[in-house]
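The values are calculated or read from the model by the stated rules, or taken from the named source; none is laboratory data. Just so it is clear, the model here is predicted, and its values are computed rather than measured. Cβ sites come from the backbone with ideal geometry, for glycine too, and all protein chains shown count toward neighbours.
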Amino acid sequence: MGNRQACTNPRKSHIAFPNIHIRELFGSIEAELADVDDYLQKSVSQANYLIKDGFNYLLQAGGKRIRPAFTLFASHYGSKTSCIPAASTMELVHMVSLIHDDVIDASDLRRGKATLSNLYGNNYAIHLGDYLFAKALAVIDSYQNTALSGKLAYTSREMCRGEIEQISNELCLQQNIKRYLYRVNRKTSVLITLCFETGALVSGANQEVVNTLGRFGHYLGMAFQIADDMLNYTADEQTLGKPVGNDLQQGVVTLPLIYFLKYGKTELCQDVKRILKKETVTTDEVVYINQAIRVSKAIEYSQELVNRYAIKALQQVDKLPDNKTTEVFRQIALLYYQEK
Amino acid sequence: MLKILMPDIMPEFMAIEAKNNHFIKLNIGKLHDVRSMLENEKHLWMPLLCILSAKIIKDVTIKTYQLAEIFHLLSYASQLHWSLPENNKDSKEDMKIDVLSGDLIYSRIYSNICQYGLQPYLLPFSNLISAMNESLILRDFSRENDDYEIRVFASLTESACYLGGSSASNNQLDLNVLKEFGYHLGILKSVYDKGKNIDEHYSSWQNCWDRVEEIKTSKRHCFEKILRHMGEEWEIDKPVLIQERVI
C-alpha cells in the first residue's frame with residue numbers, strides 16, 4: 001500500500017507520512033512484536049517435532065504481524081500490562097486462516113515461498129491449523145474473560161461463513177456490491193475488529209474506547225480488504241506474492257469485477273463473461289481481463305469505496321483520547337486514503 | 001451399537017441430533033450432499049456416552065445435553081478433517097467443502113461453549129482438539145497408523161465420559177473411574193469397528209470391566225451391556241474381576 005498521496009481532507013494537519021509502509025508505523029512497538037514472535041515459538045514448544053518444524057517454517061516465512069500490532073497498540077488505552085499472549089493469539093488465528101486457505105485454493109506458493117500443504121501435504125496442513133486454533137483458544141481462555149473468548153469464537157464462525165459464502169458464489173457473475181461487502185466483513189474485517197477489541201479489553205480500557213476501537217477496526221478492515229482485492233488487478237506477481245490473476249482463476253469475484261460487469265462497456269463485459277464461464281482461464285485471458293477492468297472506472301470506484309471506509313475509520317480515531325497511539329491509528333487509516 | 005443398546009436414551013438425544021443436523025443442512029447442505037454423514041450412526045457414540053455417563057453417576061442436567069450437543073458436532077468436524085485426499089487437483093471441490101465445513105463446525109463448537117456459559121469446558125475441549133490433531137499428524141507420518149487412530153478415538157471417548165459425568169457430579173473419584181473406563185472403552189470400540197482381534201488390547205477389556213465394577217449405582221448395567229455386546233462379537237467372556245482376583 002505504498003506511494004500514497006497526502007490527503008487533503010480536513011484532517012490534513014495531522015498527516016506527515018506519504019510513501020510510508022504500514023510496518024514503518026510500528027516502530028514504537030518493535031520490542032513487543034519481537035516478544036510476540038518469542039511467545040508464538042514457545043506456544044508450540046511442547047508439541048511434537050513435526051508441528052514445531054512446520055510452525056517454525058511459517059514463522060520464518062515472514063508476514064507483517066499487522067494483527068498483533070493492532071492488538072498491542074489498542075492495549076495502550078488501558079493500564080494493565082501483558083498483552084503479548086492475546087496479541088500472539090491474533091497472529092495464530094490469522095495463520096490458521098492462511099494455512100487452510102492454501103489447502104482450499106490448492107496454492108503452491110504464499111509470499112513467494114512454498115505453502116505448508118505443498119511441503120507437508122493437505123492433511124498435515126489441516127491438522128496443524130486445527131491444532132493452532134485450539135491453542136489460540138486455550139491462550140485466550142487464560143485471561144478468564146468470557147466476553148473475549150466469546151468474541152474469538154464468534155469471529156472464527158463469521159470467518160468460516162465468509163469463506164463458505166465465497167465458495168458458494170464462485171463464478172457467480174451476478175453478485176451485487178452489498179453482498180460483496182458482507183463477505184469482506186466476514187472474511188477480513190471481523191478479525192481486524194477483534195484485534196483492536198482484544199487489546200483494549202485485555203488492558204482494561206473503558207467500554208467506550210473498546211467500542212470505538214472495534215468500529216475503527218471494522219472500517220479499517222473493510223478498507224484493507226477492498227484495497228487488497230484491487231491489487232489483484234493492478235499489482236505484479238512480486239508485490240502480490242502469488243500469481244497475478246489468481247482470484248480470477250479461482251473464480252473469486254471481487255469488487256473491481258463486479259463493478260466492471262455492471263457498468264463496463266457491454267461488448268467488453270460479454271467477452272469477459274464468456275471467458276469466465278470457461279473451464280479454465282489462461283494467463284493471456286487474465287491479462288486481457290485485467291486490462292479491460294483497468295480501463296473501466298472499476299479501479300477508481302473501488303478506491304473511492306476504500307476512501308469512504310478510511311474516512312469512517314478516521315472519524316472513529318477522532319473520538320479516541322489524544323495520544324501517540326491515536327496518531328499512529330490516524331496514519332494507518334490514511335494509508336488507505338488516496339486522492340483522485 | 002449404542003442406538004440398539006440404549007433405546008431409552010435415544011428420545012432425549014433426538015432433539016440434540018435434530019438441532020445439529022438442521023445447522024449442518026442449512027450451512028453446508030447447500031454446498032454438498034450431507035445425508036450420508038448425517039445418517040452415519042457412529043456420530044451418536046460420543047454424545048450418547050456423555051449422557052449415559054451423567055446418568056450413571058447421578059442424573060443429567062442441561063449442561064449434560066449441551067455437552068452432548070458439542071460432542072456430536074465434534075464427531076462430525078473430526079470426520080470431515082480426519083483424512084483428506086492428498087492430491088486435491090483431482091478432487092478440489094469436495095476437498096474445499098470438507099475443509100470449510102469442518103472449520104465451520106469447529107467454530108460452532110467453540111461458539112456454543114461460550115454461548116452456553118460452559119467456560120470451564122473451553123480449556124478441556126481446546127486441549128482435546130489440539131491433542132487429537134497432534135496425534136493425527138503423527139499418524140500421517142508413521143507406519144503404525146492404526147495405533148494413533150485408536151488412541152485418538154480413546155481420548156475422545158475418555159473425554160465424553162469424563163465431561164459428561166462432570167456435568168452431573170463433581171465427585172472426583174467417580175469421575176476418574178469414568179475417565180479411565182472411557183479411555184479403555186474407546187480402545188475397544190475402535191478395535192471393534194476396525195474388525196481387529198482383541199488379543200493385543202485384552203488389558204483394555206479387563207480394565208473396562210474392573211472400572212464398571214467400581215461404579216456403585218445400579219445404572220452401570222448400561223456399560224455392562226455395551227461390553228457384553230462387544231464380547232459376543234469377539235467370543236470372550238467377562239474377565240475375572242479385581243476383587244475376585246484378590247480373593
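Does B:LYS189 count as buried (at least 18 other Cβ atoms within 10 Å of the Cβ), closer than 28 Å to A:ALA136 by Cβ and charged (D, E, K, R)? Quick ask: steps written out before the conclusion?
Numbers: buried (at least 18 other Cβ atoms within 10 Å of the Cβ): yes; closer than 28 Å to A:ALA136 by Cβ: no; charged (D, E, K, R): yes.
Judged against the criteria, B:LYS189 is not a match.
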Query - Within the stretch B:7-43, tally of residues that are touching a residue at least 60 places away in the same chain (Cβ under 8 Å) and more than 14 Å from chain A (Cβ to nearest Cβ) - result: 1
Requested in this report: Would you be able to tell me the number of residues in the stretch B:42-69 that are in contact with a Pro (Cβ under 9 Å, 6 or more places away or on another chain) and closer than 15 Å to B:GLU158 by Cβ?
Outcome: 1
Query raised in the report: Applying the selection to the stretch A:76-119, what residues are assigned to a loop (DSSP other than H, G, I, E, B) and surrounded by 22 or more Cβ atoms within 10 Å (Cβ to Cβ)?
Result: A:CYS83, A:THR115
**Report entry** Residues (among the charged types (D, E, K, R), in contact with an Asp or Glu (Cβ under 9 Å, 6 or more places away or on another chain), touching a residue at least 40 places away in the same chain (Cβ under 8 Å) and closer than 22 Å to B:SER126 by Cα) located in the stretch A:98-157
**Finding:** A:ASP101, A:LYS151
Query raised in the report: Among (1) out of contact with any Lys or Arg (no Cβ under 9 Å at 6 or more places or on another chain); (2) surrounded by 22 or more Cβ atoms within 10 Å (Cβ to Cβ); (3) more than 9 Å from every other protein chain (Cβ to nearest Cβ); (4) at pLDDT below 95, where does A:ASN122 come up short?
Result: (3)
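Given the residues A:GLY241, A:GLY251, which is the only one that is in contact with a Gly (Cβ under 7 Å, 6 or more places away or on another chain) and at pLDDT below 90?
After applying the criteria, what remains is A:GLY241.
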Report summary line: B:MET95 vs (1) within 28 Å of B:GLY164 (Cα to Cα); (2) without any contact (Cβ under 8 Å) to a residue 40 or more places away in the chain: all pass except (1)
Report task. Scan the stretch A:143-160 residue by residue and report those that are in a helix (DSSP H, G or I) and more than 7 Å from every other protein chain (Cβ to nearest Cβ). Result -> A:ALA147, A:LEU148, A:LYS151, A:LEU152, A:THR155, A:GLU158, A:MET159
Query raised in the report: Of A:ALA106, A:ALA86, A:ALA47, which residue is away from chain B (no Cβ under 14 Å) and either among the aliphatic types (A, V, I, L, M) or out of contact with any helix residue (DSSP H, G or I) (no Cβ under 6 Å at 6 or more places or on another chain) (or both)?
Result: A:ALA86
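Table: residues versus (1) within 14 Å of another protein chain (Cβ to nearest Cβ); (2) buried (at least 22 other Cβ atoms within 10 Å of the Cβ); (3) among the aromatic types (Phe, Trp, Tyr); (4) in contact with a helix residue (DSSP H, G or I) (Cβ under 7 Å, 6 or more places away or on another chain).
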{"residue": "A:GLN175", "(1), (2), (3), (4)": "no, no, no, yes"}
{"residue": "A:ARG179", "(1), (2), (3), (4)": "no, no, no, no"}
{"residue": "A:VAL202", "(1), (2), (3), (4)": "no, yes, no, yes"}
{"residue": "A:GLU208", "(1), (2), (3), (4)": "no, no, no, no"}
{"residue": "A:ASN211", "(1), (2), (3), (4)": "no, no, no, no"}
{"residue": "A:ARG215", "(1), (2), (3), (4)": "no, no, no, yes"}
{"residue": "A:ILE226", "(1), (2), (3), (4)": "no, yes, no, yes"}
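Determine, yes or no, whether A:SER302 is over 25 Å from A:ALA114 (Cβ atoms), in contact with a Pro (Cβ under 7 Å, 6 or more places away or on another chain) and either hydroxyl-bearing (Ser, Thr, Tyr) or touching a residue at least 24 places away in the same chain (Cβ under 8 Å) (or both). Explain how you work it out, then say what you get.
Details: over 25 Å from A:ALA114 (Cβ atoms): yes; in contact with a Pro (Cβ under 7 Å, 6 or more places away or on another chain): yes; either hydroxyl-bearing (Ser, Thr, Tyr) or touching a residue at least 24 places away in the same chain (Cβ under 8 Å) (or both): yes.
It is true that A:SER302 is over 25 Å from A:ALA114 (Cβ atoms), in contact with a Pro (Cβ under 7 Å, 6 or more places away or on another chain) and either hydroxyl-bearing (Ser, Thr, Tyr) or touching a residue at least 24 places away in the same chain (Cβ under 8 Å) (or both).
Applying the selection to the stretch B:149-180, what residues are of a type in the set (Asp, Glu) and either in contact with a strand residue (DSSP E or B) (Cβ under 9 Å, 6 or more places away or on another chain) or at pLDDT 95 or above (or both)?
Pass one, the stretch B:149-180, residues of a type in the set (Asp, Glu): B:149, B:158, B:174, B:180.
Once the filter is applied, which keeps residues that are of a type in the set (Asp, Glu) and either in contact with a strand residue (DSSP E or B) (Cβ under 9 Å, 6 or more places away or on another chain) or at pLDDT 95 or above (or both), the stretch B:149-180 yields B:GLU158, B:GLU180.
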Report summary line: Among helices (runs of 4 or more DSSP H) completely within the stretch B:19-126, the ones holding 2 or more residues that are over 29 Å from A:ASN169 (Cβ atoms) are B:45-57, B:62-82
Report summary line: When (1) more than 14 Å from every other protein chain (Cβ to nearest Cβ); (2) within 16 Å of the chain's Cα centre (by Cα) are applied to B:SER204, the one that fails is (2)
Query - Failed criterion for B:ARG108 (all others in (1) more than 7 Å from chain A (Cβ to nearest Cβ); (2) in contact with a helix residue (DSSP H, G or I) (Cβ under 9 Å, 6 or more places away or on another chain) hold) - result: (1)
Requested in this report: Being without any contact (Cβ under 8 Å) to a residue 40 or more places away in the chain, among the charged types (D, E, K, R) and either within 13 Å of chain A (Cβ to nearest Cβ) or on the phi > 0 side of the Ramachandran plot (or both) is the filter here, so list the residues in the stretch B:129-178 that pass it.
Outcome: B:GLU134, B:ARG139, B:ASP140
**Report entry** Conditions (1) more than 13 Å from the chain's Cα centre (by Cα); (2) under 27 Å from B:ALA68 (Cα atoms): number failed by B:LYS238
**Finding:** (2)
